[in-house]
């Protein structure tokens, strides 16, 4: 495996990376805020398959807030695995949402509105709670904001997600493309990593095993 630290600034590199089976990792992330800075879309989709598949197998509700491109890629891979998505969607076990459309429902003047965001998230939690299910979220709205240059909004949204996760004990998985950190890479990575609890390697597939460490 490539050195998972190789693209990180020297002052945030840690030696305590751990490798574990993907299903074990994703089933131990309750109320965790997990980050992947991925090199390619394929690497992100592989991680999403593990995140989504373990949630479905555990009887949880999996909410994926992603770009249409990533939603389509994930759906195709899940179908290839024999997962019947229409049934899961009808039963609120898999809830796919487009990132830009969801963002537009709670962003005001370029910044996330906490009240509107909570209304959306707690509505999704209610849909799961009424069926007695736990919930896990994947989101890349923050990555979209970062790519558009609205880093303040992205960091604020990460903070709001962390606060809700701690209050309601659900897990969050965030994905950022490595290319988003081309400008001022050292400080950018430090800022984003510092808001998360765990970081998984984004240089190669995490489909079967996950290489991770605690955030600095």
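Just a few scattered comments:
- Kirkwood hydrodynamic radius over Cα pairs of the range 113-216, then Stokes diffusion coefficient at 10 °C and 1.306 mPa s, in µm²/s: 106
- Inter-part distance, the range 156-216 to the range 106-146, computed on C-alpha centroids, equals 17 Å.
- Helical contribution to [θ] at 222 nm, DSSP H n ≥ 4, -39,500 (n - 2.57), averaged over the chain, rounded to 500: -13500 deg cm²/dmol
- Percent of beta bridges antiparallel (DSSP, the range 16-214, rounded to nearest 5): 30
- Here the label points at residue 191 and residue 119, each 7 Å from Cα along the C-beta direction, are separated by 2.9 nm in the simple model.
- Packing rank of 49-58, 187-196, where each peptide gets the mean count of other beta carbons within 10 Å, highest leading: 49-58, 187-196
- The calculated P(r) of the range 31-126, using every Cα pair and 5 Å bins from 0, goes 2, 11, 20, 24, 20, 15, 6, 1, 0 in percent.
- Value of Rg to Rh for the chain (Rh from inverse mean 1/r over Cα pairs, i.e. Kirkwood): 0.94
- Compared with the direct C-alpha span, the chain from residue 100 to residue 85 gains 3.2 nm at full extension, assuming 0.36 nm per residue.
- In percent, rounded to a whole number, the relative contact order of the chain is 39, using alpha-carbon pairs under 8 Å and six or more apart.
Each reported figure results from applying straightforward, stated rules to the coordinates on display, with no laboratory input. Remember, it's a predicted structure, so these values are computed and weren't measured experimentally. Don't worry about glycine lacking a Cβ; one is built from the backbone with ideal geometry, like all the others, and counts go over all protein chains shown.
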